[in-house]
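The values are calculated or read from the model by the stated rules, or taken from the named source; none is laboratory data. Predicted model only: the values in this text are computed from it and were never measured. Please note: Cβ atoms are built from the backbone with ideal geometry, for glycine as well, and neighbour counts cover all protein chains shown.
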Amino acid sequence: MTAEQREFLAGSIRTNGASENPWWANAVVYQIYPRSFQDTNGDGIGDLRGIISRLDYLADLGVDVIWLSPVYKSPQNDYGYDISDYQDIDPMFGTLYDMDDLIQAVHQRGMRIIIDLVVNHTSDEHAWFEASRKGTMPYADWYWWRPAKEGHTPGVPGSEPNNWGSDFGGSAWEYSPERGEYYLHSFSEKQPDLNWENPAVRQAVYDMMNWWMNRGIDGFRMDVITLISKPVEADGELPDGVPGEDGYANAQIVMADGPRLDEFLKEMRQQVFEGREGFLTVGEAPGITPARNQAITDPANNELDMLFLFHHVEFDARGSKWNPLPLDIVPLKRIMASEQEAVKESGWASLFFNNHDQPRVVSRWGDTTTEQLRSLSAKALALVLHMHRGTPYIYQGEELGMTNAGFTAFDQYRDIESLDLYKLRVLAMKLSTHDQMLDALGRRSRDNARTPMQWDSSTFGGFTEEDAASVPWLPVNPNKRIINAVDEQRDPNSVLAFYKELIHLRHTNPVVSAGGWTLLDGDDERVYSFERSLEGFDLSDTTELSRVVVVANLTGHTAHIPPQTAAALGLDPVAFPVEASGMSIDEENLLISNYPRPQTASTLLTGRLAPWEAFAYQL
Ligand code: TEU
Ligand code: CA
C-alpha cells in the first residue's frame, strides 16, 4: 500500500470527516512509572536521568509516545498522585532542568511525551489547600468543605456530611478541627478533591496545563478526570449514594460522569489545546460506558482524544477486586466488543491490560507455572490486545513478560490502597481473613506492577547499582535472572521480540491500525478470535489483502478453531484436516504467531490449536 493510501487510511479512521489526521491512530504508547524504572544516583528510587539513559531502548522497541506517571513535588502518600506543586519536580526524581533534558531527548528520537495530570485532587500539603483549610480567600472554596451532618457532633464518626466512601476505604470526608468542617477526598485523606464548580480552580488548572505545554510536552494522561464534576444539587447538597459491602457509597461510583463533565472537558480543550497540533489527551475514566466513551472521544465534540475504560479490568472479581475470580473469556470478549462497537463510526479506543494500578496480565490471565507457558501466554494476550482497533498502551516491563511480585508477607507491601484495604477488610470489618486478603493482595495489589524494571540479571536487575547506597524501594523480582531486557534482546523468540513485531504491524499494516473490528465465535470459552477488515473503506485501487483474522487459544488446553473463525479463514470447518479438501495455506500470509510458523500452518490445516497458540492471518 502506498504512503498516500496509508495517509488516507489514517485520516479515514475518523469517518465523521474530521480534517486532522490523528497521528496517534497508529501510535503505541509506553507508560513509565518513574519510581521503578531506572535509578542513577543509588538511592533505590528511579529518577529522570535514569529515564533519559533508557530512551534508546524505548526507541529500539518502536514506541511513539511515553506517558510519565507523576514526578511533581509530592509527600508521596500515594506515590506522587498527591501533588503539592504542579510546576516543580520532586527532588527524589531530579529537577525541572532534568525534565527539560528529558523532553528534548525524547523529541530528538522522534518520540513524544505526555505527563500525568492529577487535578481531581491535590495533596493536602499543596499551598492551595493549606490556605483553604484556614478559610483564606480566594482559596476558601477551592475544595469541597461541608459542616457535620445536621444534629451531629463534628469530628465524631457518623457525623460526616454524607455516606460517600473513599476508594482507599473508610469515609470520603475528613474533619479539620482548624476549619471546623469536613473536606471531601475520593482517595486518601491526604488527597482533598478540588472544587471544579469554582471557575478560579479551573483557570488555575488550565494555566498550569499551558505552562507545561509551552515547556514542550505533548499532552496529558488525565487521572480520574471523569470524577471532576460532582453530583451537587442546586442547594449545594451532596446526596447520599447506594452503600456497598463496607457501608459506604464508593466515591468513584457516586461521582463518575457528573452533570458538568462535558462542559468542563470542552472548556479545557478550548483553553489549552485550541490552535495546537500533534498533542494527545487521554482521560482515565472510571464509570464511563462505551456509549459515553464514544461521545467524549468523538472529535466533533472537542473533548478528549481517548479514554481508559475500566470494565475489562473489573469484571473478573465478585463485588470488589479483593474477591478475584479466574478469567472467563466470554464476558471479556463481550466487554471488548461493546467498546469496539461503540466507536466504529467515530470516537476512539485505548487498548490496555496493564498499568501501575493493575496486576501483571501474564500472572492475572496467563500462565507462569513454566517459562515456556509464561512466554506463550504473554504473547497470546499481547497479540489479542494489540490486534484490536485502537491505540495500544504498554506498561513498563509488560514487553518483557514481567510477572506479579510474588510477595508472601503483608509487610512487603507499600501501596496505600493495599495497606488501607487490608486494615479495613481484615481488622476493622472482618470482610476477609488475613490469609484471604494476603492471597488477594498477591493477585491484585497495585504493588505487583511496581517492582523495579528488570534490565538485566544482576543483583538489582540493573535497576540500580550493585553497590548502591540504598536497596530498591521495592524488591526486584528474583525471576529477573531469566526475565530481563538484556537476555530478551538476544533472543529472537523472546516476549520482547514479539512486542517489537506487534508494534511494527501497528505502524505498517493499515488493516491493523484502521480496519473495522468484528468478533467471531463470541461464546467460545477457550478461543478469542476476531476479524479486522478494510472492506467498506473507500480504497478502490487497493488490490492488497484487506482482512486479518486473529485467533488465540487463551487456555493451557488444546482447542478447536471454532466455525465462524474457520469460515473467516476461508477454511471449511467440516473439511478439517484441510489437506483432505486440497486447500492450501499460504504461510507468508501468516502475519505473526507465537509458535513456529510451520506449526501454525499445520494448525490451520488440522483446525486444532495448541495451548496458548495465537496468530494473525491476512487474506
Ligand atoms: O487511579 C484511579 C483508580 O480508580 C484507582 O483507584 C484504580 O482503579 C484502582 O486502584 C484499581 O485497583 C488513579 C491513579 O492511576 C492511581 O494510581 C491513584 O491512586 C488514583 O487515581 C488517585 O490519584
Ligand atoms: Ca534515584
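Tabulated results
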{"item": "Residue under evaluation S529, criteria (1) crowded, with 17+ Cβ neighbours inside 10 Å; (2) small (G, A, S); (3) farther than 20 Å from Q340 by Cα, criterion not met", "result": "(3)"}
{"item": "Of the criteria (1) over 23 Å from the mean Cα position of the chain (by Cα); (2) among the acidic types (D, E); (3) surrounded by 15 or more Cβ atoms within 10 Å (Cβ to Cβ); (4) assigned to a loop (DSSP other than H, G, I, E, B), which one D235 fails", "result": "(3)"}
{"item": "Residue match in the stretch 411-429 (condition: modelled with pLDDT of 95 or more, more than 16 Å from ligand 2 (Cβ to nearest atom), surrounded by 23 or more Cβ atoms within 10 Å (Cβ to Cβ) and in a loop (DSSP other than H, G, I, E, B))", "result": "no"}
{"item": "Close pairs (9 angstrom Cβ cut-off, 6 or more residues apart or separate chains): not assigned by TED's automatic domain parsing to the domain that holds V28 in the stretch 294-307, among the aromatic types (F, W, Y) and not in a helix (DSSP H, G or I) anywhere", "result": "none"}
{"item": "Residue ID - modelled with the lowest pLDDT, chosen from residues in the stretch 399-410 that are touching a Phe, Trp or Tyr at 6+ places or on another chain (Cβ under 8 Å) and not in a loop (DSSP other than H, G, I, E, B)", "result": "F410"}
{"item": "From the options S470, S432, residue that is within 16 Å of ligand 2 (Cβ to nearest atom), touching a residue at least 60 places away in the same chain (Cβ under 8 Å) and more than 27 Å from V28 (Cβ to Cβ)", "result": "S470"}
{"item": "Members of the stretch 154-190 that are closer than 23 Å to H126 by Cα and among the charged types (D, E, K, R)", "result": "D167, E174, E178, R179, E181, E189, K190"}
{"item": "Selection within the stretch 128-156 - in contact (Cβ under 8 Å) with a residue 12 or more places away in the chain and of a type outside the set (F, W, Y)", "result": "S132, R133, K134, G135, P138, D141, R146, P147, A148, K149, P154, G155"}
{"item": "Residue that is surrounded by the most Cβ atoms within 10 Å (Cβ to Cβ), among those in the stretch 473-507 that are free of Cβ contacts under 8 Å to residues at least 40 places away in the same chain and under 24 Å from the mean Cα position of the chain (by Cα)", "result": "K480"}
{"item": "Search result, residues across the stretch 128-151 that are charged (D, E, K, R) and part of a loop (DSSP other than H, G, I, E, B)", "result": "K134, D141, K149, E150"}
{"item": "Filtered residues of the stretch 182-221 (kept if out of contact with any Phe, Trp or Tyr (no Cβ under 9 Å at 6 or more places or on another chain) and assigned to a helix (DSSP H, G or I))", "result": "P199, Q203, Y206, D207, N210, N214"}
{"item": "Matching helices (runs of 4 or more DSSP H) fully within the stretch 37-127 where at least 3 residues are within 15 Å of ligand 2 (Cβ to nearest atom) and assigned by TED's automatic domain parsing to the domain that holds W473", "result": "48-53, 96-108"}
